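Have a look at the structure below before the remarks.
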Amino acid sequence: MTQSAFDTLQYSKKAKEVGFTEQQAEFQAKAMAEVINDKLVTKHDLKHQLNELEYHLTIRIGLMLAASITILAGIIKL
């Protein structure tokens, strides 16, 4: 499980201070923690996305290079 800077206990205490019941405050805190943790991006996620992007760019550049060589070879034969 990922750790986050979101303090569920503090959130729950503040919710109780403004009139939520203990059950409501705990539910809200858990729900907010889930939303925040689902939206967080880790270094691993970023590295994976960058590696995937690098792979796709390498393939694209390779295909463009192959196409350029093919076109040049066709022009030279003329």
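For the chain, how many pairs of lysine residues have a Cα-Cα distance under 29 Å, where the two are 8 or more positions apart or belong to different chains? The number of close lysine pairs in the chain is 10. For the chain, the dipole from Cβ point charges (+1 on Lys and Arg, -1 on Asp and Glu) about the Cα centre works out to 340 debye, to the nearest 20. Placing unit charges on the Cβ atoms of the charged side chains and taking the dipole of the chain about its Cα centre, the candidate lying farthest along the positive direction among Thr58, Ile71, Gln28 is Ile71. Compared with the direct C-alpha span, the chain from Ile36 to Ala5 gains 10.2 nm at full extension, assuming 0.36 nm per residue. If R0 equals 35 Å, the separation of the Cβ atoms of Lys77 and His56 corresponds to a calculated FRET efficiency of about 0.65.
Quote the charge dipole size of the range 1-40 about the Cα centre in Debye, to the nearest 20; the model charges only the Cβ of Lys and Arg (+1) and of Asp and Glu (-1).
In debye, rounded to 20, the range 1-40 gives about 80.
In the list (1) 66, 33, 23; (2) 84, 18, 14; (3) 110, 56, 28, the label attached to Cα extents along the principal axes in Å as derived from the coordinates here is (2).
Helical content of the chain, expressed as a calculated mean residue ellipticity at 222 nm, amounts to -28000 deg cm²/dmol (DSSP H runs of 4 or more residues, -39,500 (n - 2.57) each, divided by residue number, nearest 500).
Bear in mind that the values in this text are calculations on the coordinates, not laboratory data. Treat the numbers as computed from the prediction; the structure is a model and nothing was measured. Note that we place each Cβ from the backbone using ideal geometry, even for glycine, and neighbour counts take in every protein chain shown.
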